[in-house]
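All remarks here apply to the structure that follows.
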Amino acid sequence: MCGIFGYYGRRDATPILVEGLRRLEYRGYDSSGIAVKNNGINIYKKSGKVERLSEMITTEVEGTIGIAHTRWATHGEANDINAHPHLSFDGKVAIVHNGIIENFREVRRNLTQKGVELNSETDSEVLAQLIALELAKGSKPIVAVRRILKRIHGTWGLCAVFSDHDQIIVARNGSPLVIGKGTDETFISSDPHALMEHTQEVYFLEDGDLAEIDHTGFKITRMSGQLSSTEVTVLEEEWGEVELGEYPHFMIKEIHEQAEALRQCIAGRTRHKQGTVKLGGLKLTPAEMRAIPHVRLIGCGTSLHACQIGQIAIEELARVPAVAHVASEFRYNNSVINPKAIHLAVSQSGETADTLSAVKEIQLKGGSVWGIINVVASSIARQCGMGVYIHSGPEQAVASTKAFSNMAASLILFAIQMGRTRSFSAERGRELIDNLHTIPGQIEKYLANPGPIAEAVDAVIGAKSVLFLGRGVSAPVAREGALKLMEIAYIPCMAYPAGEMKHGPIALLEKGSPVVVIAPNDKLKYKTLSNIQECKARGAKIILIHEEGDDELAEEADISIAVPKSEGLLSPLLTVIPTQLIAYQAALKLGHDVDRPRNLAKSVTVE
Ligand code: F6R
């Protein structure tokens, strides 16, 4: 989604800004631009890829102060004019903005009444115009920005440069912004990954923070003008640059990294002798775990599907009621919060606005939230203050793969830890732990010989729609498989719990309709088998993901993809992989940009 990069120092700003934008590309965007201060403010902006922008900057733009942006369109189409930065009517201020100005219509109206002509259709442009009007009254830049933000409703990660002042002013409210401290230079970004090549010393701004950046460094204050308590964080090495290596795309690289990522996730967390798990970041004693009345899991997209697996694992192993919630709905449904309950916010990026809002809502109502997060020190991780890092390592492809597996695995670890305080024996715990430790090797074994993926791809790419079915823990896998194929191959997909298929989606089945069925050899196998028969009776083509050696089931398939045998609850960690491969290969065959699918963003920072 939208990304910000900024530079204040002694070096030429332009190449640093363009490189910063390249590092933000993985988040998904549709236009980009830079503003560099010299004798005035020079702006270059262009729809499309950063590559197009850099081709456009033919003459060297001199200047050591600048801001840059990748835009993911919300208000107004993705064209050159709506791209950021936006320049004020008098040419004195340029801004880049992430977030949404909710009262922008009213602000636009007021500006038009004052004779200010607006160039773009965006909500963001009003910020540049308002700041310019405030500066014209004689205010200093920091005062002008602070004043105008008091009139704005919405969210912002804002950066402004000025033609008449050697300063950058930045502000955060609900949209991440990080300042990187270099030697005699300062960097700004909405994404700490983009700062890693320059510095590891960063300051994550809090909501309500503003910062004044100049030749002396920077000063972070609150909206009230008081000094902010925001402190330095030293970024870990793992945030560094990620290379493709031998792989053509990040998605396939990340699919193959799943075994190692899973090892990292489990490492040091299991206690074989006691048959339990220790997730230190939970900061919960066994007695506290025993007292928990219920668990609620909150996430979006792929993370929601991991939550749904977590829900089943927690109920099965810990015998505690658990429910997975869509974050964007949870936030606004005035949910009843029990302060004794556990709430788990699950997110790869740790920046998803819907999930972050739900976390804040729960906390406001007196509830406690633990993060199940990949990106260290991300907004959700910091907002929760406690939880579990899933240790997938950086995930660059927009379509989430290795993070899904590690989110599901972390929730299973949580279920084992909780279960041991309440319901099952050390022996059962040891069995689960042993089985979990065998999964990475099984992933490697499967990926070395993934079966007839190409045949499955041929069956789905020309289809009007694809139906994904599964029961129990395989129902969320079906949803995840459908989401993956839909988001990168743009094929309409539906996922249903297999038993629900006869209540509606069966109407779509005709001769040759592809149906992907996830059917491990678990207690629900024969139920799923009946649903397979129902599909076959209507001429559907069955692409079956099943357990190695399960010939009874394999015989029912048109295309049969076998994964290694595993304990039922752990089967999603294996059965999801063929669905990822089908999506990847289908998108490739259709000629799509696999890592950066249209309209999507890696980090969805608007509600
Ligand atoms: C799907 C995908 C999205 C994300 C969703 C939540 O491949 O990537 O559906 O899962 O936007 O993102 P996080 O996990 O960062 O909160």
Take the conditions within 12 Å of the ligand (Cβ to nearest atom), touching a residue at least 12 places away in the same chain (Cβ under 8 Å), surrounded by 24 or more Cβ atoms within 10 Å (Cβ to Cβ) and not assigned by TED's automatic domain parsing to the domain that holds Asn173 and apply them to Thr605. Does it pass? yes
For Leu574, indicate whether it is in contact with a Leu (Cβ under 7 Å, 6 or more places away or on another chain) and within 23 Å of Ala399 (Cα to Cα). no
Against the conditions (1) farther than 19 Å from Lys523 by Cβ; (2) open to solvent by 70 Å² or more (accessible area, probe 1.4 Å); (3) not aliphatic (A, V, I, L, M), where does Glu431 fall short? Just the number, please. (1)
Taking the conditions exactly as written (within 22 Å of Gln308 (Cβ to Cβ), of a type in the set (Phe, Trp, Tyr), within 16 Å of the ligand (Cβ to nearest atom) and touching a residue at least 40 places away in the same chain (Cβ under 8 Å)), does Phe414 satisfy them or not? no
Residue identified as more than 13 Å from the ligand (Cβ to nearest atom) and under 22 Å from Lys278 (Cβ atoms) among Gly441, Gly385: Gly385
Contact list, first residue from the stretch 302-317 and in the same structural domain as Arg430 (by TED's automatic domain parsing) and touching a residue at least 24 places away in the same chain (Cβ under 8 Å), second anywhere and basic (Lys, Arg) and within 13 Å of the ligand (Cβ to nearest atom), beta-carbon distance below 9 Å, six or more apart or interchain, is Thr302/Lys484; Leu304/Arg479; His305/Arg479; Gln308/Arg479
Under 8 Å between Cβ atoms, at least 6 apart or on separate chains: pull out the pairs that start in the stretch 348-361 with a residue that is assigned by TED's automatic domain parsing to the domain that holds Lys402 and end on any residue that is away from the ligand (no atom under 11 Å from the Cβ) and among the polar types (S, T, N, Q). Ala353/Thr155; Ala353/Ser175; Leu356/Gln383; Val359/Gln383; Lys360/Gln383; Glu361/Ser335
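Quick grid of which residues meet (1) open to solvent by less than 10 Å² (accessible area, probe 1.4 Å); (2) within 13 Å of the ligand (Cβ to nearest atom); (3) over 28 Å from Asn333 (Cα atoms); (4) not in a strand (DSSP E or B):
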site	(1), (2), (3), (4)
Gln363	no, no, no, yes
Val369	yes, no, no, no
Ile372	yes, yes, no, no
Val376	no, no, yes, yes
Ile380	yes, yes, no, yes
His391	no, no, yes, yes
Pro394	no, yes, yes, yes
Val398	no, yes, yes, yes
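In the stretch 46-55, how many residues are open to solvent by 70 Å² or more (accessible area, probe 1.4 Å) and over 25 Å from the mean Cα position of the chain (by Cα)? Walk me through how you get there before you give the answer.
We begin by selecting, within the stretch 46-55, every residue open to solvent by 70 Å² or more (accessible area, probe 1.4 Å); these are 49, 51-52, 55.
After this cut, where a residue has to be over 25 Å from the mean Cα position of the chain (by Cα) as well, the list is 52, 55.
Qualifying residue count, the stretch 46-55: 2.
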Given the condition within 13 Å of the ligand (Cβ to nearest atom), touching a Ser or Thr at 6+ places or on another chain (Cβ under 7 Å) and not hydrophobic (A, V, I, L, M, F, W, C), answer yes or no: does some residue in the stretch 316-323 qualify? no
When Ile461 is evaluated against the numbered criteria (1) open to solvent by less than 40 Å² (accessible area, probe 1.4 Å); (2) out of contact with any Gly (no Cβ under 8 Å at 6 or more places or on another chain); (3) of a type in the set (A, V, I, L, M); (4) more than 29 Å from Val323 (Cβ to Cβ), which criterion, by number, is the only one it fails? (1)
Residues in the stretch 62-111 that are touching a residue at least 12 places away in the same chain (Cβ under 8 Å) and more than 27 Å from Leu195 (Cα to Cα): how many? 16
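The values are calculated or read from the model by the stated rules, or taken from the named source; none is laboratory data. Please read all numbers here as calculations on a predicted model, not as lab measurements. No Cβ is skipped: glycine too gets one built from the backbone with ideal geometry, and neighbour counts run over all protein chains shown. Note: accessible area is taken over every heavy atom of the protein model, side chains too, but ligands, DNA and RNA are not part of it. Shrake-Rupley method; radii C 1.70, N 1.55, O 1.52, S 1.80 Å.
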